[in-house]
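Here is the structure we will look at.
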Amino acid sequence: MSRSPSIVPHQIDHDTYVVLNDFGRLGRAWCETDEEGADRKTLIRRLLDDHYSHPVRIVAFNTAEGWSRDVTTDIADELRRRFVEYDEVPRSVLEFVETAMRH
């Protein structure tokens, strides 16, 4: 009898980051990402590569440890510190950082 593949992530004890993106008239939605792309380093890179059109909130969670939290301000602060590394910063990131730092 064949077995179905497991839906449990191989590395269950890691922090996962998801982005709430504002799609304008279409509304807001949590963006899908692959398992390998849900870590902090990849999130930062994707934000700076303009992967999200209008990010408004970022949440991190770790199901193995049983926690979740809004990391919007933390990520915005890290992005702001990295601006000096880039010739150009996407407008979406500039707006995200400006909005996040006001709250």
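The values are calculated or read from the model by the stated rules, or taken from the named source; none is laboratory data. None of these values were measured; they are calculated from a predicted model. Cβ: placed from backbone, ideal geometry, glycine included. Neighbour counts: every protein chain shown. These accessible areas exclude ligands, DNA and RNA; they are computed on the full protein's heavy atoms, side chains included. Shrake-Rupley method; radii C 1.70, N 1.55, O 1.52, S 1.80 Å.
Kirkwood Rh over alpha-carbon pairs of segment 16-89, then Stokes-Einstein at 4 °C and 1.567 mPa s: what D in µm² s⁻¹, rounded to an integer? Intermediate values should be presented prior to the final figure.
Working: Rh = 13.0 Å.
My calculation gives 99 µm²/s for D.
Sticking with the crude label model, points 7 Å out along Cα→Cβ, report the distance from I44 to D13 in nm, one decimal please.
The answer from the label model is 2.4 nm.
Of T42, T33, which has the most accessible area with a 1.4 Å probe, and how do the rest follow in descending order?
Working: T42 15, T33 50 Å².
So, going from the largest accessible area down, we get T33, T42.
Taking the dipole about the Cα centre of segment 16-101, with the C-beta of Lys and Arg at +1 and of Asp and Glu at -1, give me whichever of M101, L43, L79 is farthest to the positive side.
M101
Can you tell me the length gained on complete extension of the stretch D34 to R91, counting 0.36 nm per residue apart and subtracting the Cα distance?
Working: separation 57, 0.36 × 57 = 20.52 nm, distance 2.45 nm.
So the extension gain works out to 18.1 nm.
Leaving out ligands and nucleic acids, and using a 1.4 Å probe, what accessible area per residue does the chain come to in Å²?
Numbers: 7500 Å² over 103 residues.
On a per-residue basis, 73 Å².
For the full complex of protein chains and a 1.4 angstrom probe, list W30, W67 by accessible area with the highest value first. Can you show the working numbers first?
Numbers: W30 125, W67 75 Å².
Most to least solvent-accessible, the answer reads W30, W67.
Can you run phi through the Karplus equation (6.51, -1.76, 1.60; θ = phi - 60°) for segment 90-100 and list ³J(HN,Hα) in whole Hz, with x for Gly and Pro?
Result, rounded to whole Hz: x, 4, 4, 6, 4, 5, 4, 4, 4, 5, 5.
Where nothing but the Cβ of Lys and Arg (+1) and of Asp and Glu (-1) is charged, how large is the charge dipole of segment 16-101 around its Cα centre, in debye to the nearest 20? Display every interim value, and only then the final one.
Values: 12 positive and 18 negative charges, 50 e Å.
Computed charge dipole of segment 16-101: roughly 240 debye.
Taking amide H atoms as placed 1.01 Å from N in the peptide plane, list the residues 5 or more away in sequence, or in a different chain, whose amide H sits under 5 Å from that of R57.
L20
Would you calculate a helix-derived [θ] at 222 nm for the chain, using -39,500 (n - 2.57) for each DSSP H run of n ≥ 4 and dividing by the full residue count, to the nearest 500? All intermediate terms of the calculation are to be shown ahead of the outcome.
Numbers: 3 runs with 32 residues, N = 103.
One gets -9500 deg cm²/dmol as the mean residue ellipticity at 222 nm.
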